[in-house]
Every structure is written in C-alpha cells, then in structure tokens.
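The values are calculated or read from the model by the stated rules, or taken from the named source; none is laboratory data. The shown structure was predicted, so the numbers you read here are calculated from the model rather than taken from an experiment. Neighbour counts run over all protein chains shown; Cβ positions are idealised from the backbone, glycine included.
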Amino acid sequence: MSRPMRQPDHIPALGARILGPEDEPPRRRRLRIQLLLTVMLLTTNAIAVAIAAAMITAVVPGPTVFVPALRLENFVLVPVYVLVAFVIGLVWITRMALRDLRWAILDRPPERGDLRATLSLPWRMTGVQAALWAIATVLFTLLYGRSDPILYFMVGFTLVFAGTISCTLGYLFAEFSLRPAAAQALAASSSIPRSRTGVTARIVLSWMIGSGIPVAGTMIIAVFGLTYGDYTAADMAVPMLALGGTTLLVGLLTTRLIAAATLAPVRTVRAAMATVETGDLDADVVVFDGTELGDLQSGFNRMAAGLREREHIRDLFGRHVGTEVAQAAMDSDVELGGSVVEVAVLFVDIIGSTAMAMEASPTEVVEVLNRFFAVVVDEIHAHGGTVDKFQGDAALAVFGALRPLDDPAGAALATARTMHARLTAEVPQIRAGIGISAGPAVAGNIGAHSRYEYTVIGDPVNEAARLSERAKEHPLPVLASGSVYARAQAAEQRRWTDVGAVELRGRGVPTVLLTPVESTLPSSAGQQSFISSQTTPEQA
C-alpha cells in the first residue's frame, strides 16, 4: 500500500506562497499564471522603458532629442510603439503559453514533447520580448539618426542596454511564474530532459547585467568621448555615474531574483532532509526546477523512496524473524553456526486444533488464531523473550538468548502464568497447553548459506515441547520442569507448586512437574470452546 507523501509544512511546495499550492485546480492555476505573466511583462518593460528614457535624455553624452524635428518620434511613434508592442507581446506570449500548456489546462498527463515545451517556455517568451526590442532598436535608431548622426550611437546603445535588462528580468520572472506548470510536468516524468538550460545560464545572465553590459557601455562611452573630443570631464562623468548607479540597482535586483530561483529548490530539499532526520520518512519535495537543481530535488525523492523501501523491508524482516533477530543480523555479519547459551524455553500449542478446524469456518479459525497469537506474542515480548518460530498453531519462545535477562527462567515462568490468564479471559474459544523448561542450548544460524534461520536447539526445547503435550491432559494446562524452576529466582518460585514427577515421552528419566498456584490465576469456569475440554493429544 502506498504511503502519503508530503512537503514540510513550513516550506511552500513551490518555493513561494504567491505561486499557490501544488494541487491547485487547473482553472485557478491557469488564471494565476496568466496574471503573473501579465504583471511580469508590464513590470519588466516599464522598468526598461524608464531606464531608456532616462539614459537618452540625461545620461548618454550627445545632442538632446527634444527638438522640434523629433516631435513626431518623441510624442507619437514612441508611445504608440510601446503600447502596441506591449499588446502584441502580451497576446503573443499568452497564445504561446496556452498552446504549450494545453495539456495542463485539459488536465491530462504531459507527453515528452509537452515537458520540453513547458521547460523551454520561459526562453521562448524571452525571445518574443527580444524580438520586439530588436525591432524598436532598429526602427528608432534609424528614425532618430536622421536628425543627427550622433543619435545613431545614443539611441542604439540605449535601446540595446534597456532591452537586455528587460529580457533578462523577463526571463527570470517568466521562469518564476511558470514554476507551477513546470512542477506539474516534471511530476509526470521519470527524468528531467538533458537538453535544457542550467544554473550556468542564470549565472551568465547575472554577469551580463552586473558586469558585461555596464563594462561594455562604459568602454563605448569612453570611445565615443575620445572620438568626439569636445566633451568635458563633467560630460563624461555624468553618464559614467548614471550607468554605474543603474547597474548597481538593476544588478542587485537581478542577483536577488537569480539567488531566489537558485535557493528555492535547495531550501525545499534542506527542509525535507531535516524532516527525515527526525525519523519521518514520508517527507517529499515537489520537483519544480528544470535545471541541475531539479536533479537535486529528484535525487532527494529517490533517496527518500529508498529509505522508505529499506524501512519497509526491515519491518517485514522483523515481523518474519523477530525484531531482535533482525536487529542482530543488521548489526553484524551473519555467519552459520551457533554457541552454547543458558536459556529458558516456552512452548505453547492449541489443544484440539484439528477438531476446531473441522467445526468452524476457515474465517472463524483464522480470526481466533490471530487473537491467540496476538496474546502469545504480546506476553513474550513484555517479559523480554523472543519468538523463535511459529509451528502451525504452536509457538516457541526463548528467553536469554538474544536479549540478556537477569532471570530468564523467572521471565519464562511469569510469561506462562500471564499468558494462560490472558488467553482464558480474551480468547475463551480455545485452550492451549504451555510447557516451560531451561538449560544449556545451542543458539545461532542453522541451515545453508543460501537459506538459514536463527533458532535454538537443545534439550530444553525438546523438554518444553513434551511438557506442552503433557499440559494438554492436565486440569491446569501449564507445566514447568524442575530445571526451569531451580533456575528461577525465589519470588517467582513461590508462585508455583510441585505436582509430582513423570517420565516424558522419549526422555527415559523422570521429570519433576510444577504448575502455577491456582490462586494466582483467574477461574476458567464458563469457558466456551469449539471442542471438548477433555480432548486428548491423541485426538488432536
């Protein structure tokens, strides 16, 4: 059964709350992305137009553009082009987004081509902006240059500088706005396409805005000043200072945006790792970055899945062989063979299980057996024992082999008493014979290199099994041998009484038998069972 995965609560799934939840309905997600893209386009172009106007009027050295001959360009063509370019860009980008994100709008799984188109969409949107700024650069450089050749340089340099800023900011904002769609596409893909733009491109953009273009602009202005030598130092200082100030502000904004885009996936992974460190392996991250950082997010999810699988296997291993056996196997190299240890052994077997299977339906039998073994295992673990194995409707428990105990014999005897009391009260449909013994035995891994199991072999095991058979014939079906009684501490010995000695099957020597003092056990009067309480082992 799959386990629910979740993002750490204090970290937005997509890295920013403005992007909405990961499981937002398609219609709301579409409207959110459309709004963000519109604001992005308007904001980046407004910033770029303002920078261009300031530079051409007050920064770049040269003649003023506010002359009567340029009134048409200044007050008609420029405003009209800005408005028309914004509308065209908005419609163009919207149609492009609707086409490439149609799979998300229709809420269907993306194909391989849809994934590539979604991840490359920010660059293609940036290409639309670049095309509109390129047209503006060529058009207005030619129009303004007719008035004065120096304006070729002024207008051309200004529009290239402003257009680069607009396209850079536009790409970063578009990548941010489309993050929900990218996350949805990446969630449906087993891997991130290799042919994609990486973190390097973001760093190059940061360099281009913070260093490349400003330095190039400074060099161009210097060449311009040397070419036209009639400019004073003050004339050259003003554009240098203005260009430097613009670079500082825009460079800071760009760096912050790139840092936020880079750190967002890192923060989600870091938060999820902190959750895993607490032992909660259900933490997962939403993969929303199409760069190498997306590989980091995917890698964390694969790592967490591996940890969950390992924990699941460990849990299953522990359930099959016992928690202590599983832990011992994982803590050390497993080798065949064993060692002699002093142990106490408890064997419990249902009385008349064959008759019960004949009289009750399989569903009823399984339900009763599950309740029976729940009590058996609970009591064994509660007293520090280990379930060595299940044998049909019987169970073998060992005390003192894997887990050190101060009084393994006393623990086994106490387990027998409480187990009988609980079975009488909680599973009255059945009776079980319980035998307890103690002594030296060989404990270790028995079998072949390809298949083995941890078990205990020795006389105490055989004696406990024989005592369990004998207990089925006893009015109080709990019998302990003199060997386990002698090894128990006095406090537990006082709870048992001698009921004679018998020669158990296959042993050849008498065995002293003890049974719990009945005053320590609840009455079993009124017990209902599928079988008669007089059923003998031979009948079972």
- Message: Taking the condition of being in a helix (DSSP H, G or I) and farther than 18 Å from ALA48 by Cβ, how many residues in the range 124-146 meet it?
- Response: 4
- Of the listed residues (VAL276, VAL285), the one being in the same structural domain as ILE221 (by TED's automatic domain parsing), under 19 Å from the mean Cα position of the chain (by Cα) and farther than 19 Å from VAL199 by Cβ is VAL276
- Within the range 370-384, tally of residues that are of a type in the set (Lys, Arg) and crowded, with 17+ Cβ neighbours inside 10 Å: 0
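One line per residue, one yes/no per condition, for (1) buried (at least 20 other Cβ atoms within 10 Å of the Cβ); (2) of a type in the set (A, V, I, L, M, F, W, C):
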{"site": "LEU248", "(1), (2)": "no, yes"}
{"site": "LEU263", "(1), (2)": "no, yes"}
{"site": "ARG267", "(1), (2)": "no, no"}
{"site": "THR275", "(1), (2)": "yes, no"}
{"site": "ASP284", "(1), (2)": "yes, no"}
{"site": "PHE288", "(1), (2)": "yes, yes"}
{"site": "GLY299", "(1), (2)": "no, no"}
{"site": "GLY306", "(1), (2)": "no, no"}
- Item | Which listed residue, of ALA97, ALA13, ALA69, is over 19 Å from PHE161 (Cβ atoms), within 27 Å of the chain's Cα centre (by Cα) and small (Gly, Ala, Ser) | ALA13
- In the range 180-226, what count of residues is obtained for those that are surrounded by fewer than 16 Cβ atoms within 10 Å (Cβ to Cβ), modelled with pLDDT under 70 and farther than 24 Å from GLY113 by Cα? 1
- Message: Filter the range 502-516 down to the residues that are in a strand (DSSP E or B) and either in contact (Cβ under 8 Å) with a residue 24 or more places away in the chain or not assigned by TED's automatic domain parsing to the domain that holds TYR485 (or both) and list them by number.
- Response: VAL502, THR511, VAL512, LEU513, LEU514, THR515, PRO516
- Query: Right, LEU405: among the hydrophobic types (A, V, I, L, M, F, W, C) and free of Cβ contacts under 8 Å to residues at least 40 places away in the same chain or not?
  - Reply: yes
- Message: Conditions first: (1) at pLDDT 85 or above; (2) loosely packed, with under 15 Cβ neighbours inside 10 Å; (3) among the polar types (S, T, N, Q). THR511 passes all but one, so which condition is the exception?
- Response: (2)
- If we ask which residues in the range 93-113 are surrounded by 14 or more Cβ atoms within 10 Å (Cβ to Cβ), in a helix (DSSP H, G or I) and modelled with pLDDT of 85 or more, their number turns out to be 6
- Task: Look through the range 391-413, keep the residues that are farther than 19 Å from VAL478 by Cα and of a type in the set (A, V, I, L, M, F, W, C), and return whichever of them is surrounded by the fewest Cβ atoms within 10 Å (Cβ to Cβ).
- Result: LEU405
- Task: Scan the strands (runs of 3 or more DSSP E) fully inside the range 391-500 and keep the ones with 2 or more residues being under 20 Å from VAL375 (Cα atoms).
- Result: 394-399, 432-448, 478-481
- In the set ALA58, ALA54, ALA50, which member is at pLDDT 85 or above, of a type in the set (Gly, Ala, Ser) and in the same structural domain as ASP280 (by TED's automatic domain parsing)? ALA50
- Task: Would you point out the residue of the range 487-501, among those that are hydrophobic (A, V, I, L, M, F, W, C) and without any contact (Cβ under 8 Å) to a residue 60 or more places away in the chain, that is surrounded by the most Cβ atoms within 10 Å (Cβ to Cβ)?
- Result: VAL499
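So that you can scan it fast, the table gives a plain yes or no per residue for (1) under 28 Å from the mean Cα position of the chain (by Cα); (2) at pLDDT below 85; (3) surrounded by 19 or more Cβ atoms within 10 Å (Cβ to Cβ):
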| position | (1), (2), (3) |
| --- | --- |
| THR118 | yes, no, yes |
| LEU121 | no, no, yes |
| THR126 | no, no, yes |
| PHE140 | no, no, yes |
| PHE153 | no, yes, yes |
| LEU159 | no, no, yes |
